[in-house]
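Data block below; observations after.
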Amino acid sequence: MANRITSGLTLGPFAVDRDGTLQPRAPGLRPAMRFAWRGRRCEAALTQEEVHLAAFAARVPSTAEAGTDRPGAFEAIAALPGSLPPGWKARLLPDHRVVLEASAPLSEPPTATELVAAMVRFALDLDPYLDRLDSALVPLSGTANN
């Protein structure tokens, strides 16, 4: 991504040129847009060739939570990668949050329209996996989603 900043408008960490192309507002940064989908924290981070998309989807219930099925939660997580779209990943973080990740190609330089379209496609494609995780794990909300 070239480091040319021209006049235009500001979209979060980006400067948007009059033709809609995005540039980091500050050189050397890896800018990202954060958004929420169904109460989950999501992020779209730009790299040189693509946008990396991530959603903090759920968490494994604590042993202190009454009536939880931790073995069932871990089984649901283990089955998840085989059902995800090609190129998607599921990760279990050390704090037992589940993150779903994908990437989408972008033109050089990327446009604001491309970024928003990739975010919307990711969010819509995420829905059936959130439904599945909601039935077996604890949905993330509030401070657990930070």
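The values are calculated or read from the model by the stated rules, or taken from the named source; none is laboratory data. In this text, all values refer to a predicted model and were calculated from it rather than measured experimentally. Methodologically, a virtual Cβ is constructed for each residue, glycine included, from the backbone with ideal geometry; neighbour enumeration extends over all protein chains shown.
Numbers for the structure displayed
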quantity: Counted residues, segment 20-34 - those being surrounded by fewer than 17 Cβ atoms within 10 Å (Cβ to Cβ) and either aromatic (Phe, Trp, Tyr) or touching a residue at least 40 places away in the same chain (Cβ under 8 Å) (or both); calculated: 1
quantity: Search result, residues across segment 73-113 that are part of a helix (DSSP H, G or I), aliphatic (A, V, I, L, M) and exposed (fewer than 15 other Cβ atoms within 10 Å of the Cβ); calculated: Ala78, Ala79
quantity: Flag for Val116 being surrounded by 13 or more Cβ atoms within 10 Å (Cβ to Cβ) and either part of a helix (DSSP H, G or I) or charged (D, E, K, R) (or both); calculated: yes
quantity: Residues (surrounded by 19 or more Cβ atoms within 10 Å (Cβ to Cβ) and either at pLDDT 80 or above or out of contact with any helix residue (DSSP H, G or I) (no Cβ under 6 Å at 6 or more places or on another chain) (or both)) located in segment 124-146; calculated: Leu126, Tyr129, Leu130, Leu133, Val138, Leu140
quantity: Matching residues in segment 29-57 - criterion: being farther than 15 Å from Trp88 by Cβ and of a type in the set (Gly, Ala, Ser); calculated: Ala32, Ala36, Gly39, Ala45
quantity: Which listed residue, of Ala55, Ala45, is touching a residue at least 40 places away in the same chain (Cβ under 8 Å) and within 30 Å of Gly8 (Cβ to Cβ); calculated: Ala55
quantity: Members of segment 35-53 that are under 8 Å from the mean Cα position of the chain (by Cα) and surrounded by fewer than 19 Cβ atoms within 10 Å (Cβ to Cβ); calculated: Glu43, His52
quantity: Segment 82-119, residues that are of a type in the set (Gly, Ala, Ser) and closer than 22 Å to Glu49 by Cβ; calculated: Gly87, Ala102, Ser103, Ala104, Ser107, Ala112, Ala117, Ala118
quantity: Pairs, first more than 11 Å from Leu92 (Cα to Cα) in segment 60-80, second of a type in the set (Ser, Thr, Tyr), C-beta under 6 Å, six or more apart; calculated: Pro61/Thr68
